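Presented below is the structure to which this report refers.
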Amino acid sequence: MKRDPAALLPLSPAMFHVLVALADGDTHGYAIMKEVEALTGGAVRLSTGTLYGIIKRLLSDGLIRESGPAEDQRRRSYELTAFGREVARAEAARLESTLAIAKRKALFRRQA
């Protein structure tokens, strides 16, 4: 039976950023932390503990997997699964829809 990506939404912002950081290919934890920081202009800085808690959860939910054997066993690499990519796309669409709703309100209208 095919899993429904929407069943895992909404994602926490940190979880979403980790999935986005893995969208271009497999990488290791430290590079994920640096990519998230770069993608958010420094607004999101994940601690090692937070990152590895997220990785544990994403592995458990089947959104990522460890990729091929690492040359250095201390540095594990991770990659998105097909389902993880579906969940990331679903969350991006949910956020886009939420923003579209907000933009229709006075919050974004020019004040005279």
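The values are calculated or read from the model by the stated rules, or taken from the named source; none is laboratory data. Since the model is a prediction, treat every value here as computed from it, not as a measurement. Backbone-built Cβ (ideal geometry, glycine too); neighbour counts: all protein chains shown. Only protein heavy atoms, including side chains, enter the accessible area calculation; ligands, DNA and RNA are left aside. Shrake-Rupley method; radii C 1.70, N 1.55, O 1.52, S 1.80 Å.
Taking only C-alpha pairs under 8 Å that are 6+ residues apart, what is the relative contact order of segment 7-56 in percent?
Relative contact order here is 33 percent.
Per residue, how much accessible surface does the chain expose to a 1.4 Å probe? Answer in Å², no decimals.
Heavy-atom SASA per residue in the chain reads 67 Å².
Under 25 Å Cα-Cα from residue 2, which lysines qualify once same-chain neighbours fewer than 8 residues away are excluded?
56
Pairs of Cα atoms under 8 Å, at least six residues apart: use those to get the relative contact order of the chain, whole percent.
31 percent
Would you kindly state how much longer the chain becomes between residue 94 and residue 26 on full extension, computed as 0.36 nm times their sequence separation minus their alpha carbon distance, in nm to one decimal?
Extra length available between residue 94 and residue 26 comes to 22.0 nm.
Can you list which of the DSSP-assigned H helices in the chain have a Cα extent of 30 Å or more along the long axis and an average Kyte-Doolittle score of at least 0.0?
82-103
Give the carbon-plus-sulfur fraction of the accessible surface of segment 1-58 in %, rounded to a whole number; probe 1.4 Å, heavy atoms of protein chains only.
The computed percentage sits at 57.
Would you kindly state the longest site-free stretch of the chain, with sites defined as trypsin sites (Lys or Arg not before Pro) in a DSSP loop (not H, G, I, E, B) surrounded by at most 10 other Cβ atoms within 10 Å?
The answer is 3-73.
Read through the labelled values [x] 121; [y] 98; [z] 130 and report the label of the one computed as volume of the Cα convex hull per residue in Å³ from the structure.
Answer label, from the structure shown: [x].
Of the residues 22, 58, 39, which exhibits the maximal mean-square fluctuation in a Gaussian network model of the chain defined by a 10 Å Cα contact cut-off?
Fluctuation is largest for 39.
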